[in-house]
Structure formats: structure tokens, C-alpha cells
Amino acid sequence: MTPAVPTELLADRLRRAGEVAAQQGVDLLLITPGTDLRYLLGAGGESHERLTCLVVPAAGHLAPPAIVVPKLEAPGYAGVPLEELGVDVVTWTDGEDPYLLVSDLAGGPRRVAVVDTMPAVHVFGVRDALPDVDQKLAGPVIRELRMRKDAAEVAQLRDAGAAIDRVHARMGEFLKPGRTEAAIGADIAAAIVEEGHSSAAFVIVGSGPNGASPHHDVSDRVVERGDVVVIDIGGPLPGGYYSDSTRTYAVGAGPAADVAETYAVLQDAQERSVAAVKPGVTAEQVDAAAREPIAAAGFGDKFVHRTGHGIGLDVHEDPYIVGGNAIALEPGMAFSVEPGIYLEGAWGARIEDIVVVTETGCERLNSRPRDLVVLD
């Protein structure tokens with residue numbers, strides 16, 4: 001189990017997690033298996049009924065970080081540089097109470113933050129072991145770290161973007177009249193793995209009227225000549241970082257004039273939104289940059305979702321590019337820009353790129369054409 005990032009970067013993440021916890025008045029972070037654990041240790045593990053939990057004291061506490069892990073699962077962490085990271089290992093066997101081990105390591109905290117995805121059985125176990133301690137979610141602490149990608153993470157996201165671009169470049173192999181969405185989707189899923197992903201996390205093939213449903217998935221509908229088809233695809237690379245890219249295609253024939261005109265509105269909106277991305281601009285301003293031209297063209301009520309979502313070890317994470325989110329963008333933030341127009345019962349379209357905020361603007365991680373590509 002080799003960490004996706006160098007040990008020194010993992011050590012820095014653990015250190016900063018303790019510092020942010022202290023800043024937010026949290027004495028102890030409790031992190032069970034999942035992407036937050038993978039971010040901090042380079043290994044996510046799996047959450048079972050047996051407790052595995054990384055215990056991270058806030059900065060200023062004398063106790064070192066520790067991982068409480070069932071003895072039978074400890075070999076799964078053999079490749080993690082725990083000693084180099086200064087993380088103690090505390091094992092337990094069936095019949096022991098692991099929550100009391102966490103309590104022993106806690107050192108009298110007043111406020112404990114549990115990772116957002118901790119299973120309820122473990123949340124209640126921690127509560128019973130620390131009955132007088134205030135519990136809150138660790139999300140506000142961890143997102144302060146994960147929202148700002150370091151150079152190693154950006155490199156992985158860049159690789160993910162290139163990998164999913166290679167799949168879109170092959171769309172002419174799969175997307176043909178007379179084939180069902182399900183058959184097309186199966187071929188795309190195989191190509192996602194062939195082009196370097198560890199799995200296909202999602203494949204949306206929304207043809208004709210199905211394209212007006214943003215999260216359609218696939219169906220037995222047969223793609224017809226002249227259909228407009230939304231293809232939204234992505235998945236994780238072996239290092240855990242996700243791709244996510246949407247393109248819209250016309251199959252077998254060029255689009256009708258009204259379709260081309262509407263799509264031009266969408267393409268302009270996506271360009272305006274990407275152009276708005278730079279440090280200091282708020283997430284809601286990027287959302288507005290996409291929404292305003294679509295509304296001005298009379299399709300405001302046909303854009304039914306946020307403009308984007310953060311991406312990294314999770315396909316959806318902070319920051320969210322949506323009205324009401326006043327967070328100011330900073331270098332290293334990575335997210336999608338994906339406005340859409342959906343005409344119920346007729347067709348839909350979406351254009352999605354992943355961008356990373358730079359010192360002066362942003363870097364697009366997807367480079368496939370954003371035009372309404374016609375596939376013969």
C-alpha cells in the first residue's frame with residue numbers, strides 16, 4: 001500500500017490538520033476509513049463493524065497521533081510510513097472495547113470532531129466512551145486542507161483529466177445510431193479503465209429526451225440518427241484522484257438550427273464562467289457568470305443545478321460553485337464548471353471541464369472540443 005504522495009507531504013497534512021483543529025477550538029480529530037483518512041495517511045482502508053480510527057490531537061497537545069486498528073487488519077497498513085509520520089499504532093482484538101482505547105488516547109478533550117462519513121455505530125460508540133465531551137463534525141477542519149490542492153494532487157488531477165479526455169476522443173467508436181444507451185455505456189466504462197482509471201465511477205449516456213435529465217444514467221433507449229446526446233463520465237485513477245468531464249454530441253447528423261443556437265448560448269456561458277475563475281473571486285460569482293447569459297437568453301429555468309463542485313479524492317467535495325457560497329477562490333482549489341440547459345421531453349446539453357485556480361486565473365484540465373461535436 002504505497003502512499004500516493006511523499007511522506008513529507010503526508011506529515012505536513014497531519015501537522016496542518018492539528019493546527020486547523022486548534023484554530024477551530026477542536027481538541028481531537030477522529031477519522032475512520034475513507035477519503036479523509038486516505039488524504040492524511042495515503043491509505044483509506046475500509047470501514048467495518050470493527051473500529052479503525054486515526055486519532056489526531058490538536059496542535060499544542062503533547063500526545064502524538066495514533067491509529068486504533070483491529071489486530072487482524074493491521075497488516076493492511078504495513079505499507080503506510082506510520083513510524084516516519086510519528087503515528088503510534090494501537091491494536092485491539094475481538095472482545096476488547098476499542099472506544100475505550102480511543103478514550104484513553106483522548107487525554108481529557110472538551111470537544112471532539114468526528115469525520116463526516118463515520119458510521120453511526122462508531123459515532124455512538126465514541127459518544128458512550130466520552131459521554132461528557134461535545135461532539136461535532138470534522139468536515140469544517142478537513143475541508144480547510146482538502147479544498148486547497150498541493151502540487152502532487154494537482155498533478156494527479158491533471159493526469160485524470162488527460163485520461164478522461166482520451167475516452168472522449170474515442171466516442172466515435174461507441175456512440176452510433178441503432179445502439180442502446182446501455183450498450184454504449186458498457187463500452188465507455190471499459191474504455192475508462194483502458195485509458196488508465198482503476199474503475200468507471202459513473203457513465204451517463206443521455207440521448208434525445210433523456211439528455212434533459214442531468215443525472216440520467218443509461219437505459220434501453222436506442223440512439224437515433226439526429227439525437228443530441230449528453231456523455232458525462234469519470235472515475236478514479238489508481239492514486240485515488242477523480243476525473244469528471246461532460247461533452248454533448250450530435251449523432252449521425254448536424255443539429256437543427258434552434259438546437260445549434262441554444263447550444264451556442266451554453267457554450268458562451270461555460271466560457272464566461274471559466275474566464276471568471278481567479279483568486280479572490282467568489283464561488284457564487286463564478287456561478288453567476290454561467291447563469292446570467294443563460295437566463296438572458298430565456299433559459300434560466302432550464303439550468304437546474306449548481307455550476308460546479310470541487311473534486312479530488314471524492315468526485316464531489318468542496319468548494320461548491322453555487323449561488324450563496326461566498327467563499328473566495330484561492331490557488332489550488334479544483335472544481336468543475338458545468339452549466340447545462342435541459343429542455344424536458346426534447347433534449348439537453350452540458351459542457352463540463354475541471355479547472356484549478358492558479359495565481360493569476362485558472363488552468364483547464366480538460367482539452368477536448370467544447371463544440372457540439374457531430375459524430376458520423
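Quick look at the values:
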{"quantity": "Pair list, Cβ < 9 Å and 6+ apart or interchain, from region 220-231 residues that are open to solvent by 70 Å² or more (accessible area, probe 1.4 Å) to residues that are assigned to a loop (DSSP other than H, G, I, E, B)", "calculated": "Glu224/Pro177; Glu224/Gly178; Glu224/Gly252; Arg225/Pro177; Arg225/Gly178; Arg225/Gly252; Arg225/Ala253"}
{"quantity": "Some residue of region 27-38 being closer than 16 Å to Leu100 by Cα, at pLDDT 95 or above and in a loop (DSSP other than H, G, I, E, B)", "calculated": "yes"}
{"quantity": "Residue among Asp353, Asp318, Asp287 that is surrounded by fewer than 23 Cβ atoms within 10 Å (Cβ to Cβ) and of a type outside the set (Ser, Thr, Tyr)", "calculated": "Asp318"}
{"quantity": "Residue within region 151-168 that is open to solvent by 20 Å² or more (accessible area, probe 1.4 Å), within 26 Å of the chain's Cα centre (by Cα) and at pLDDT below 95 present", "calculated": "yes"}
{"quantity": "Residue, surrounded by the most Cβ atoms within 10 Å (Cβ to Cβ), within region 42-57, restricted to residues that are modelled with pLDDT under 95 and not charged (D, E, K, R)", "calculated": "Gly42"}
{"quantity": "Qualifying residues in region 1-12 (those that are over 15 Å from Pro64 (Cβ atoms) and not in a loop (DSSP other than H, G, I, E, B)) - the one most open to solvent (accessible area, probe 1.4 Å)", "calculated": "Glu8"}
{"quantity": "Sole exception among (1) touching a strand residue (DSSP E or B) at 6+ places or on another chain (Cβ under 9 Å); (2) without any contact (Cβ under 8 Å) to a residue 24 or more places away in the chain; (3) surrounded by fewer than 23 Cβ atoms within 10 Å (Cβ to Cβ); (4) not hydroxyl-bearing (Ser, Thr, Tyr) for Pro33, by number", "calculated": "(3)"}
{"quantity": "Cβ-Cβ under 7 Å pairs, at least 6 apart or on other chains, region 95-107 side over 16 Å from Asp132 (Cα atoms), far side among the β-branched types (Val, Ile, Thr)", "calculated": "Pro98/Val68; Leu101/Val68; Leu101/Val90"}
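The values are calculated or read from the model by the stated rules, or taken from the named source; none is laboratory data. Because the structure is a prediction, the values reported are computed rather than measured. In this analysis, Cβ positions are derived from the backbone assuming ideal geometry, glycine residues included, and neighbour counts consider all displayed protein chains. Remember, those area values only see protein heavy atoms, side chains included, never the ligands or the DNA or RNA. Shrake-Rupley method; radii C 1.70, N 1.55, O 1.52, S 1.80 Å.
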